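The values are calculated or read from the model by the stated rules, or taken from the named source; none is laboratory data. Keep in mind that this is a model prediction, so the values were computed, not measured. Here the Cβ positions follow ideal geometry from the backbone for every residue, glycine too, while neighbour counts run over all protein chains shown.
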Amino acid sequence: MPVQSQIEAVFAPLGIEVGFSATHLPTGATVAINPHALFPTASVYKIPVMVEVYRQADEGRFKLSDRLELTDAQRIIGSGVLQKLGNGLAPTIRDLCMLMIIISDNMATHMLQELVGNANVTATMRRLGLQNINISLSMPELFAHGYGLPPVPPPSYDEMQAASRDRDMDYAGLSFHRVPANTTSSAADMAALSAMILQGKAGSAAGCADMMTILRAQQLRERVPRHLPAGAVGNKTGTFRKVRNDAGVILRSETDAVSFGLFTYDPTELPVGNSRLLSRRNSLVNDAMAEVGAILWDSLGV
C-alpha cells in the first residue's frame, strides 16, 4: 500500500482534522494531508522561538551563556517545572531553550519570547520563506484567550490557575482560530523549518547544530518518536485541549532524514475538567501519530 494510503488509513477512523506534511530529504519524496492549512500550533511554536533566540545570539545581542533571573511576573501555568521554583534562580539562555524544547517549559518560553519579541520571530520566518508560521500571542495571551479571560492587562498566574481549574476552554476564542492573529502554522512550513535546522539553513551552521542537539534530547516521545530508536528523532510536541501536534525530523542515518509537521484538531465534545473521554481521545490520537512515525521510518523514500 502506498505511504499516502497507509497514513490516510491511520487517521480515517478518528474523526479528527489533520494537517500533515513529510518529506524524505535525500529524494524529495513527499506525503501530505492538508499541508498548507493553518492550525493552532500549541507548543510546536517553540521551535521558531528557539530559531530566533539563536539568530539574535549570532548577531551578538546576547550570549547563550547569559543568565536570566526568574521572577513572579514570568510565572505561567501549564507544562514545565520553572513555575514551581523560587525567585532568583538564573538559568542560562541556552538552558531556557533546552527546557522550552525537551519538557515544553512554559515559563522558559515566556522568558525567551520577552527576550526576543514575537514580531521578530515572525519576521525571521518570513525571511526564511515561511509565510504560514505566525508567532502572534504571548503565553499569557494564549491562556487568556484560551480560557475566555481579558487579555489586557495580562492575567496573573493566580488568575490563570483559577481559570484552568474552574472553566472549560473557550473554543470560540482566538487561541483556537486558524488565522495569523493567533499563533498558527501550516504543517508544510513547520516541516520545512525543521529541515532547515537539520541542514544548517535556519541560522549559522553552529547554531543549527546546537538546535538539533536540543531537539534530539526531547523527553516527550509519546507521539511520532514512540516506536523509533532513541535519539533518532528531533522533535517538539504541542498540546492544547483538542489540539495535539508534533513536528521535527526523523533521522534514519546521518544522510537519510525525513522532516515532518503533524497538526490535529479533535472536534469531539468534551466535559469540563479532566475526564476519561479526554484521556481516551488523547491516547487514540497519540497512538495514530506513533503509527505515522513508524510508517515514515519504514516506508517514505525507501
**Request:** Inspect region 167-175 for any residue being over 22 Å from the mean Cα position of the chain (by Cα) and either surrounded by 22 or more Cβ atoms within 10 Å (Cβ to Cβ) or at negative phi (or both) and give the result as yes or no.
**Result:** yes
**Message:** If I ask for residues that are among the hydroxyl-bearing types (Ser, Thr, Tyr) and either within 17 Å of the chain's Cα centre (by Cα) or under 25 Å from residue 37 (Cα atoms) (or both), which ones from region 108-156 would you list?
**Reply:** 109, 122, 124, 136, 138, 147
**Asked** Does region 182-195 include one or more residues that are in contact with a Leu (Cβ under 9 Å, 6 or more places away or on another chain), surrounded by fewer than 20 Cβ atoms within 10 Å (Cβ to Cβ) and not aliphatic (A, V, I, L, M)?
**Response** no
**Request:** Filter region 129-176 down to residues that are in a helix (DSSP H, G or I) and farther than 23 Å from residue 53 by Cα, then give me how many there are.
**Result:** 17
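For every residue, the table says whether it meets (1) crowded, with 16+ Cβ neighbours inside 10 Å; (2) without any contact (Cβ under 8 Å) to a residue 12 or more places away in the chain; (3) of a type in the set (S, T, N, Q); (4) more than 30 Å from residue 242 (Cα to Cα).
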site	(1), (2), (3), (4)
5	no, yes, yes, no
11	yes, no, no, no
17	yes, no, no, no
32	yes, no, no, no
42	yes, no, no, no
73	no, yes, no, no
79	yes, no, yes, no
82	yes, no, no, no
**Asked** among the acidic types (Asp, Glu), touching a Leu at 6+ places or on another chain (Cβ under 8 Å) and at pLDDT 95 or above - does that describe any residue in region 83-95?
**Response** no
**Request:** Write out, first by first residue and then by second, each pair whose Cβ atoms fall under 8 Å of each other, whose residues are 6+ apart or on separate chains, and whose first residue, in region 133-157, is on the phi < 0 side of the Ramachandran plot and crowded, with 22+ Cβ neighbours inside 10 Å while the second is acidic (Asp, Glu) and assigned to a helix (DSSP H, G or I).
**Result:** 133/189
**Asked** Going by the structure shown, is residue 261 out of contact with any helix residue (DSSP H, G or I) (no Cβ under 9 Å at 6 or more places or on another chain), closer than 21 Å to residue 101 by Cβ and either in a helix (DSSP H, G or I) or in contact (Cβ under 8 Å) with a residue 60 or more places away in the chain (or both)?
**Response** no
